[in-house]
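Quick notes on the structure that follows.
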Amino acid sequence: MTLIPLLTEFEKENISERQALPEKYLGLSDAEMDARISSARAKLGKKLVILGHHYQRDEVIKFADYTGDSFKLARQIAQRPEAEYIVFCGVHFMAESADVLTEPHQKVILPDLAAGCSMADMAAPDQLETCWHELTQMGVNGVVPVTYINSAASIKAFVGERGGTVCTSSNAAATLKWAFERGEKVLFLPDQHLGRNTAYKMGIPLDEMVVWDPNEIYGGLDPDEVTRARMILWKGHCSVHTRFTVQHIDAIRKKHPGVRVIVHPEVPWDVVQAADDSGSTEYIIKTIANSPAGSIWAVGTEVHLVNRLATELAPDRTVLSLEPFGCLCSTMFRVSPNHLLWILEELVDGRVHNQIVVPDDQKSWTRVALDRMLSIQ
Ligand code: 13P
Ligand code: SF4
(Lines give C-alpha, C1' and ligand atoms only; values in the text may rest on other atoms or scores of the structure.)
(Ligands and ions follow the chains in the order given, each with its own letter.)
Protein backbone atom coordinates (compact mmCIF):
# COMPACT_ATOMS: atom_id res chain seq x y z
CA MET A 1 0.00 0.00 0.00
CA THR A 2 1.36 3.45 -0.90
CA LEU A 3 0.84 6.03 1.82
CA ILE A 4 2.81 8.94 0.51
CA PRO A 5 0.83 10.64 -2.31
CA LEU A 6 -2.10 11.76 -0.16
CA LEU A 7 0.09 13.37 2.45
CA THR A 8 1.51 16.87 2.27
CA GLU A 9 5.22 17.46 2.95
CA PHE A 10 4.21 18.72 6.37
CA GLU A 11 2.21 15.62 7.12
CA LYS A 12 4.99 13.33 5.95
CA GLU A 13 7.46 15.01 8.30
CA ASN A 14 5.19 14.87 11.29
CA ILE A 15 3.74 11.43 11.33
CA SER A 16 5.60 9.50 13.96
CA GLU A 17 5.31 6.11 12.28
CA ARG A 18 4.09 4.80 8.95
CA GLN A 19 3.23 1.18 8.57
CA ALA A 20 1.11 -0.70 6.07
CA LEU A 21 -1.64 -2.98 7.34
CA PRO A 22 -0.05 -6.35 8.21
CA GLU A 23 -1.13 -9.11 5.86
CA LYS A 24 -2.77 -11.18 8.56
CA TYR A 25 -5.43 -8.46 8.83
CA LEU A 26 -6.49 -8.88 5.21
CA GLY A 27 -9.24 -11.22 4.02
CA LEU A 28 -11.01 -11.62 7.39
CA SER A 29 -14.76 -12.20 7.44
CA ASP A 30 -17.04 -9.40 8.70
CA ALA A 31 -18.19 -11.60 11.56
CA GLU A 32 -14.64 -12.34 12.71
CA MET A 33 -13.65 -8.67 12.54
CA ASP A 34 -16.74 -7.61 14.49
CA ALA A 35 -16.08 -10.15 17.22
CA ARG A 36 -12.38 -9.31 17.52
CA ILE A 37 -12.94 -5.51 17.48
CA SER A 38 -15.57 -5.88 20.23
CA SER A 39 -13.25 -8.04 22.29
CA ALA A 40 -10.25 -5.67 21.96
CA ARG A 41 -12.47 -2.72 22.77
CA ALA A 42 -13.75 -4.44 25.90
CA LYS A 43 -10.19 -5.26 27.02
CA LEU A 44 -9.11 -1.65 26.60
CA GLY A 45 -12.16 -0.39 28.53
CA LYS A 46 -11.95 3.20 29.75
CA LYS A 47 -8.42 3.58 28.39
CA LEU A 48 -9.95 3.85 24.91
CA VAL A 49 -12.30 6.23 23.20
CA ILE A 50 -13.30 5.87 19.55
CA LEU A 51 -14.53 8.92 17.64
CA GLY A 52 -16.30 8.56 14.29
CA HIS A 53 -17.10 11.22 11.70
CA HIS A 54 -20.46 10.90 9.95
CA TYR A 55 -18.78 10.03 6.63
CA GLN A 56 -17.24 6.84 7.99
CA ARG A 57 -18.44 3.47 6.78
CA ASP A 58 -21.12 1.63 8.77
CA GLU A 59 -18.73 -1.23 9.61
CA VAL A 60 -16.48 1.29 11.36
CA ILE A 61 -18.83 3.89 12.82
CA LYS A 62 -20.83 1.26 14.67
CA PHE A 63 -17.86 0.95 17.04
CA ALA A 64 -17.60 4.70 17.73
CA ASP A 65 -18.27 5.89 21.28
CA TYR A 66 -19.08 9.30 19.86
CA THR A 67 -20.17 10.28 16.37
CA GLY A 68 -20.47 13.77 14.96
CA ASP A 69 -19.43 16.42 12.49
CA SER A 70 -16.04 18.11 12.81
CA PHE A 71 -17.26 20.64 15.40
CA LYS A 72 -19.08 18.15 17.61
CA LEU A 73 -16.14 15.74 17.63
CA ALA A 74 -13.67 18.51 18.44
CA ARG A 75 -15.83 19.46 21.45
CA GLN A 76 -16.16 15.84 22.48
CA ILE A 77 -12.42 15.38 22.90
CA ALA A 78 -12.26 17.30 26.18
CA GLN A 79 -15.00 15.11 27.69
CA ARG A 80 -12.79 12.04 28.16
CA PRO A 81 -9.52 13.17 29.80
CA GLU A 82 -9.11 9.75 31.43
CA ALA A 83 -8.80 7.97 28.06
CA GLU A 84 -5.23 7.15 27.15
CA TYR A 85 -5.95 6.32 23.52
CA ILE A 86 -8.18 8.32 21.20
CA VAL A 87 -8.76 6.40 18.01
CA PHE A 88 -10.05 8.90 15.46
CA CYS A 89 -12.05 7.31 12.66
CA GLY A 90 -11.94 10.27 10.34
CA VAL A 91 -9.22 12.03 8.39
CA HIS A 92 -5.79 13.39 9.19
CA PHE A 93 -6.65 17.03 9.97
CA MET A 94 -9.27 15.85 12.50
CA ALA A 95 -6.73 13.69 14.31
CA GLU A 96 -4.25 16.59 14.34
CA SER A 97 -6.84 18.88 15.93
CA ALA A 98 -7.58 16.16 18.46
CA ASP A 99 -3.87 15.89 19.33
CA VAL A 100 -3.76 19.63 20.01
CA LEU A 101 -6.94 19.60 22.10
CA THR A 102 -6.05 16.56 24.25
CA GLU A 103 -3.97 16.32 27.42
CA PRO A 104 -0.25 15.45 27.10
CA HIS A 105 -0.79 11.86 28.37
CA GLN A 106 -3.35 11.12 25.64
CA LYS A 107 -2.37 9.56 22.33
CA VAL A 108 -4.37 10.22 19.17
CA ILE A 109 -4.37 7.48 16.57
CA LEU A 110 -5.55 7.55 12.95
CA PRO A 111 -6.27 3.93 11.87
CA ASP A 112 -4.94 4.51 8.34
CA LEU A 113 -2.37 7.25 7.82
CA ALA A 114 -3.41 7.54 4.18
CA ALA A 115 -6.76 8.99 5.28
CA GLY A 116 -5.97 12.57 4.28
CA CYS A 117 -8.21 15.27 2.81
CA SER A 118 -7.65 16.60 -0.69
CA MET A 119 -9.10 19.98 0.28
CA ALA A 120 -6.74 20.36 3.26
CA ASP A 121 -3.84 19.60 0.90
CA MET A 122 -4.84 22.59 -1.27
CA ALA A 123 -3.36 25.04 1.25
CA ALA A 124 0.35 24.62 2.00
CA PRO A 125 2.04 26.73 4.69
CA ASP A 126 4.52 28.33 2.25
CA GLN A 127 1.64 29.36 -0.04
CA LEU A 128 -0.11 31.01 2.88
CA GLU A 129 3.09 32.84 3.92
CA THR A 130 3.43 34.11 0.35
CA CYS A 131 -0.20 35.19 0.21
CA TRP A 132 0.10 37.08 3.50
CA HIS A 133 3.29 38.78 2.35
CA GLU A 134 1.83 39.68 -1.05
CA LEU A 135 -1.30 41.15 0.52
CA THR A 136 0.95 43.49 2.52
CA GLN A 137 2.92 44.36 -0.63
CA MET A 138 -0.37 45.19 -2.36
CA GLY A 139 -1.22 47.59 0.47
CA VAL A 140 -4.15 45.47 1.66
CA ASN A 141 -4.62 45.86 5.43
CA GLY A 142 -7.14 44.88 8.08
CA VAL A 143 -7.31 41.24 6.97
CA VAL A 144 -8.42 38.59 9.49
CA PRO A 145 -7.40 35.06 8.43
CA VAL A 146 -9.96 32.29 8.98
CA THR A 147 -9.18 28.70 8.14
CA TYR A 148 -11.70 25.91 7.83
CA ILE A 149 -10.87 23.06 10.23
CA ASN A 150 -10.12 21.05 7.06
CA SER A 151 -6.53 22.31 6.99
CA ALA A 152 -3.13 21.27 8.34
CA ALA A 153 -2.09 22.22 11.88
CA SER A 154 0.62 24.49 10.44
CA ILE A 155 -2.09 26.55 8.68
CA LYS A 156 -4.12 26.76 11.88
CA ALA A 157 -1.01 27.89 13.78
CA PHE A 158 -0.33 30.60 11.19
CA VAL A 159 -3.87 31.89 11.45
CA GLY A 160 -3.89 31.74 15.27
CA GLU A 161 -0.66 33.75 15.48
CA ARG A 162 -2.13 36.49 13.27
CA GLY A 163 -5.30 37.06 15.27
CA GLY A 164 -7.46 34.71 13.23
CA THR A 165 -9.38 31.57 13.98
CA VAL A 166 -10.52 28.17 12.77
CA CYS A 167 -14.12 27.50 11.77
CA THR A 168 -16.22 24.48 10.93
CA SER A 169 -19.26 24.26 8.71
CA SER A 170 -21.36 24.38 11.92
CA ASN A 171 -20.10 27.75 13.10
CA ALA A 172 -18.92 29.41 9.87
CA ALA A 173 -21.48 32.26 9.97
CA ALA A 174 -20.74 33.06 13.63
CA THR A 175 -17.02 32.95 12.80
CA LEU A 176 -17.33 35.43 9.93
CA LYS A 177 -19.31 37.75 12.22
CA TRP A 178 -16.51 37.42 14.81
CA ALA A 179 -13.87 38.15 12.15
CA PHE A 180 -15.66 41.22 10.74
CA GLU A 181 -15.80 42.65 14.26
CA ARG A 182 -11.99 42.55 14.19
CA GLY A 183 -11.10 43.59 10.66
CA GLU A 184 -12.42 44.89 7.35
CA LYS A 185 -11.65 41.80 5.28
CA VAL A 186 -11.49 38.08 5.76
CA LEU A 187 -9.00 35.76 4.10
CA PHE A 188 -10.92 32.47 4.07
CA LEU A 189 -9.17 29.19 3.32
CA PRO A 190 -8.96 26.54 1.97
CA ASP A 191 -12.61 26.08 0.83
CA GLN A 192 -13.78 28.88 -1.43
CA HIS A 193 -17.31 27.42 -1.51
CA LEU A 194 -17.88 27.36 2.24
CA GLY A 195 -16.49 30.91 2.41
CA ARG A 196 -18.63 32.18 -0.45
CA ASN A 197 -21.83 30.42 0.62
CA THR A 198 -21.53 31.58 4.22
CA ALA A 199 -20.66 35.19 3.37
CA TYR A 200 -23.46 35.40 0.78
CA LYS A 201 -26.01 34.08 3.29
CA MET A 202 -24.87 36.88 5.64
CA GLY A 203 -25.57 39.51 2.97
CA ILE A 204 -22.15 40.04 1.39
CA PRO A 205 -22.67 40.29 -2.39
CA LEU A 206 -20.62 38.18 -4.78
CA ASP A 207 -18.93 41.26 -6.27
CA GLU A 208 -17.32 41.90 -2.87
CA MET A 209 -15.55 38.55 -3.02
CA VAL A 210 -12.40 37.60 -4.94
CA VAL A 211 -10.69 34.24 -5.40
CA TRP A 212 -7.00 34.06 -4.49
CA ASP A 213 -5.17 31.49 -6.61
CA PRO A 214 -2.11 30.37 -4.60
CA ASN A 215 -0.41 29.23 -7.80
CA GLU A 216 -0.44 32.73 -9.32
CA ILE A 217 1.62 35.78 -8.43
CA TYR A 218 -0.50 38.09 -6.24
CA GLY A 219 -3.16 35.39 -6.33
CA GLY A 220 -3.85 36.28 -9.97
CA LEU A 221 -5.54 39.51 -8.78
CA ASP A 222 -4.82 43.19 -9.12
CA PRO A 223 -4.52 45.33 -5.97
CA ASP A 224 -7.69 47.33 -6.72
CA GLU A 225 -9.83 44.21 -6.86
CA VAL A 226 -8.45 43.01 -3.53
CA THR A 227 -8.82 46.45 -1.94
CA ARG A 228 -12.51 46.55 -2.91
CA ALA A 229 -13.22 42.98 -1.72
CA ARG A 230 -14.45 42.03 1.74
CA MET A 231 -13.91 38.29 1.29
CA ILE A 232 -10.65 36.90 -0.13
CA LEU A 233 -11.47 33.28 -0.90
CA TRP A 234 -8.68 30.74 -1.27
CA LYS A 235 -8.92 28.69 -4.46
CA GLY A 236 -9.61 25.34 -2.82
CA HIS A 237 -12.54 22.94 -2.87
CA CYS A 238 -13.83 19.54 -1.76
CA SER A 239 -13.64 17.00 -4.55
CA VAL A 240 -16.69 15.19 -3.16
CA HIS A 241 -19.10 18.11 -2.68
CA THR A 242 -18.23 19.90 -5.92
CA ARG A 243 -19.69 16.96 -7.82
CA PHE A 244 -23.25 18.08 -6.98
CA THR A 245 -24.82 20.25 -9.68
CA VAL A 246 -27.95 22.30 -10.37
CA GLN A 247 -28.82 19.72 -13.06
CA HIS A 248 -29.02 17.07 -10.32
CA ILE A 249 -31.48 19.27 -8.44
CA ASP A 250 -33.61 19.92 -11.54
CA ALA A 251 -33.69 16.20 -12.34
CA ILE A 252 -34.66 15.10 -8.83
CA ARG A 253 -37.40 17.74 -8.54
CA LYS A 254 -38.85 16.45 -11.80
CA LYS A 255 -38.73 12.83 -10.70
CA HIS A 256 -39.97 13.39 -7.12
CA PRO A 257 -42.39 16.34 -6.96
CA GLY A 258 -42.45 17.73 -3.42
CA VAL A 259 -38.87 16.63 -2.67
CA ARG A 260 -36.85 18.92 -0.39
CA VAL A 261 -33.22 19.40 -1.29
CA ILE A 262 -30.62 19.93 1.43
CA VAL A 263 -26.89 20.33 0.73
CA HIS A 264 -23.63 20.76 2.62
CA PRO A 265 -22.14 24.29 2.24
CA GLU A 266 -19.01 22.84 0.57
CA VAL A 267 -21.09 22.56 -2.63
CA PRO A 268 -20.82 25.36 -5.25
CA TRP A 269 -22.82 28.57 -4.77
CA ASP A 270 -25.35 27.93 -7.58
CA VAL A 271 -26.20 24.55 -6.04
CA VAL A 272 -26.94 26.17 -2.66
CA GLN A 273 -29.16 28.73 -4.43
CA ALA A 274 -31.13 25.98 -6.16
CA ALA A 275 -31.47 23.88 -2.96
CA ASP A 276 -34.07 24.42 -0.23
CA ASP A 277 -31.61 24.38 2.66
CA SER A 278 -27.93 23.97 3.49
CA GLY A 279 -25.82 23.21 6.54
CA SER A 280 -23.19 21.05 8.21
CA THR A 281 -23.61 17.30 8.46
CA GLU A 282 -25.01 17.62 11.99
CA TYR A 283 -27.51 20.25 10.75
CA ILE A 284 -28.55 17.99 7.85
CA ILE A 285 -29.20 15.11 10.26
CA LYS A 286 -31.25 17.24 12.67
CA THR A 287 -33.27 18.86 9.90
CA ILE A 288 -34.25 15.59 8.26
CA ALA A 289 -34.80 13.71 11.53
CA ASN A 290 -37.15 16.49 12.69
CA SER A 291 -39.12 16.65 9.44
CA PRO A 292 -42.59 15.10 9.25
CA ALA A 293 -42.79 11.36 8.58
CA GLY A 294 -43.37 10.72 4.91
CA SER A 295 -41.22 13.66 3.71
CA ILE A 296 -38.93 13.12 0.75
CA TRP A 297 -35.38 14.47 0.90
CA ALA A 298 -32.56 14.70 -1.61
CA VAL A 299 -29.24 15.19 0.17
CA GLY A 300 -26.07 16.69 -1.25
CA THR A 301 -23.35 15.27 0.95
CA GLU A 302 -21.15 12.17 1.34
CA VAL A 303 -22.97 8.96 0.48
CA HIS A 304 -22.35 7.05 3.72
CA LEU A 305 -24.20 9.68 5.70
CA VAL A 306 -26.99 9.80 3.11
CA ASN A 307 -27.45 6.03 3.28
CA ARG A 308 -27.39 6.06 7.08
CA LEU A 309 -30.04 8.79 7.12
CA ALA A 310 -32.20 6.61 4.89
CA THR A 311 -31.80 3.46 6.96
CA GLU A 312 -31.23 4.47 10.60
CA LEU A 313 -31.22 8.16 11.42
CA ALA A 314 -34.41 9.24 9.72
CA PRO A 315 -36.66 6.23 9.18
CA ASP A 316 -40.19 6.97 7.89
CA ARG A 317 -38.74 9.56 5.50
CA THR A 318 -37.52 8.89 2.00
CA VAL A 319 -33.89 9.97 1.79
CA LEU A 320 -32.09 9.97 -1.56
CA SER A 321 -28.67 11.03 -2.71
CA LEU A 322 -28.86 14.17 -4.82
CA GLU A 323 -26.25 12.65 -7.13
CA PRO A 324 -27.78 9.44 -8.50
CA PHE A 325 -24.68 7.30 -7.89
CA GLY A 326 -23.76 8.87 -4.54
CA CYS A 327 -20.58 10.86 -3.87
CA LEU A 328 -18.03 8.96 -1.82
CA CYS A 329 -15.07 10.44 0.06
CA SER A 330 -12.33 8.00 -0.85
CA THR A 331 -10.01 9.10 1.94
CA MET A 332 -12.65 8.72 4.66
CA PHE A 333 -13.26 5.27 3.16
CA ARG A 334 -9.66 4.27 3.80
CA VAL A 335 -10.41 3.75 7.47
CA SER A 336 -11.53 0.15 7.26
CA PRO A 337 -12.64 -2.28 9.98
CA ASN A 338 -9.40 -4.18 9.22
CA HIS A 339 -7.34 -1.11 10.17
CA LEU A 340 -9.44 -0.53 13.27
CA LEU A 341 -8.97 -4.14 14.36
CA TRP A 342 -5.20 -4.00 13.83
CA ILE A 343 -4.87 -0.75 15.79
CA LEU A 344 -6.98 -2.03 18.70
CA GLU A 345 -5.34 -5.46 18.99
CA GLU A 346 -1.91 -3.83 18.97
CA LEU A 347 -3.02 -1.42 21.68
CA VAL A 348 -4.15 -4.36 23.80
CA ASP A 349 -0.56 -5.61 23.52
CA GLY A 350 0.78 -2.16 24.41
CA ARG A 351 1.93 -1.18 20.92
CA VAL A 352 0.86 2.17 19.47
CA HIS A 353 0.74 2.59 15.70
CA ASN A 354 -0.23 5.58 13.57
CA GLN A 355 -0.02 8.12 16.36
CA ILE A 356 -0.59 11.67 15.12
CA VAL A 357 1.68 14.20 16.79
CA VAL A 358 1.61 17.92 16.03
CA PRO A 359 5.11 19.37 16.62
CA ASP A 360 5.48 21.43 19.80
CA ASP A 361 6.38 24.62 17.93
CA GLN A 362 2.99 24.57 16.18
CA LYS A 363 0.92 23.33 19.08
CA SER A 364 0.48 26.53 21.05
CA TRP A 365 -0.78 28.74 18.19
CA THR A 366 -2.90 25.92 16.81
CA ARG A 367 -4.43 25.59 20.27
CA VAL A 368 -5.15 29.32 20.37
CA ALA A 369 -6.93 29.10 17.01
CA LEU A 370 -8.91 26.00 17.98
CA ASP A 371 -9.91 27.45 21.36
CA ARG A 372 -11.22 30.51 19.54
CA MET A 373 -13.19 28.17 17.27
CA LEU A 374 -14.70 26.32 20.23
CA SER A 375 -15.76 29.60 21.82
CA ILE A 376 -17.66 30.79 18.72
CA GLN A 377 -21.08 29.19 18.13
P1 13P B 1 -18.55 18.77 8.68
O2 13P B 1 -18.16 17.59 9.44
O3 13P B 1 -18.11 20.01 9.38
O4 13P B 1 -19.97 18.83 8.30
O5 13P B 1 -17.70 18.78 7.32
C6 13P B 1 -17.85 17.85 6.36
C7 13P B 1 -16.56 17.43 5.81
O8 13P B 1 -16.31 17.51 4.64
C9 13P B 1 -15.60 16.85 6.71
O10 13P B 1 -14.45 16.60 6.03
FE1 SF4 C 1 -11.95 16.37 2.60
FE2 SF4 C 1 -14.19 16.58 1.14
FE3 SF4 C 1 -13.46 14.20 2.11
FE4 SF4 C 1 -14.35 16.11 3.77
S5 SF4 C 1 -15.51 15.08 2.18
S6 SF4 C 1 -12.55 14.80 4.07
S7 SF4 C 1 -13.53 17.97 2.76
S8 SF4 C 1 -12.31 15.45 0.59
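Based only on Cα atoms, what mean projected area does the convex hull of the chain have, in nm²?
Mean orientational projected area (the chain, Cα hull): 18.6 nm².
Just how much of TYR25 is accessible, in Å², when a 1.4 Å probe is used and the result is rounded to the nearest 10?
Approximately 10 Å² for this residue.
Just for the Cα atoms in region 309-368, what are the lengths along the principal axes, largest first, rounded to whole Å?
47, 35, 21
On a C-alpha basis, how far is the centre of region 211-284 from the centre of region 342-364 in Å? Whole number, if you could?
36 Å
Might you tell me the accessible area per residue for region 28-140, computed with a 1.4 Å probe and given in Å²?
36 Å²
Pairs to check: LYS72/LYS254; LYS24/LYS62; LYS62/LYS235. Give those whose C-alpha atoms are more than 32 Å from each other in this structure.
Cα-Cα > 32 Å for LYS72/LYS254; LYS62/LYS235; rest within.
Taking the Cα-to-Cβ direction at TRP269 and at GLU225 and moving 7 Å from each Cα, how far apart do the two end points lie in nm?
1.3 nm
Where does the Debye-calculated log10 I(q)/I(0) of region 274-377 sit at q = 0.15, 0.19, 0.25 Å⁻¹, using only Cα point scatterers of equal weight, no solvent?
After summing over all Cα pairs, the log10 values are -0.90, -0.99, -1.19.
In whole Hz and in residue order, list the ³J(HN,Hα) couplings for region 317-327 that follow from phi through the Karplus curve 6.51 cos²θ - 1.76 cosθ + 1.60, θ = phi - 60°; x for Gly and Pro.
Result, rounded to whole Hz: 10, 9, 10, 10, 7, 5, 8, x, 9, x, 9.
Would you mind checking the radius of gyration and Dmax of region 202-338 based on alpha-carbon positions, in Å?
17.6, 54
Let me know the charge dipole size of the chain about its Cα centre in debye, to the nearest 20, where only the beta-carbon of Lys, Arg (+1) and Asp, Glu (-1) is charged.
1060 debye
GLU59 label point, 7 Å along Cα→Cβ, cut-off 14 Å on backbone N: hits in region 74-112?
No residues fall inside that zone.
Among the trypsin sites (Lys or Arg not before Pro) in region 126-204, which ones are in a DSSP loop with at most 14 other Cβ atoms within 10 Å of the Cβ? Mind listing them?
In loop regions of region 126-204 (DSSP not H, G, I, E or B), the sparsely surrounded trypsin sites (Lys or Arg not before Pro) are ARG182.
The values are calculated or read from the model by the stated rules, or taken from the named source; none is laboratory data. The model shown is predicted, which means the values in this text are computed figures rather than measured ones. Cβ sites come from the backbone with ideal geometry, for glycine too, and all protein chains shown count toward neighbours. All accessible areas refer to the heavy atoms of the entire protein, side chains included, with ligands and DNA or RNA removed. Shrake-Rupley method; radii C 1.70, N 1.55, O 1.52, S 1.80 Å.
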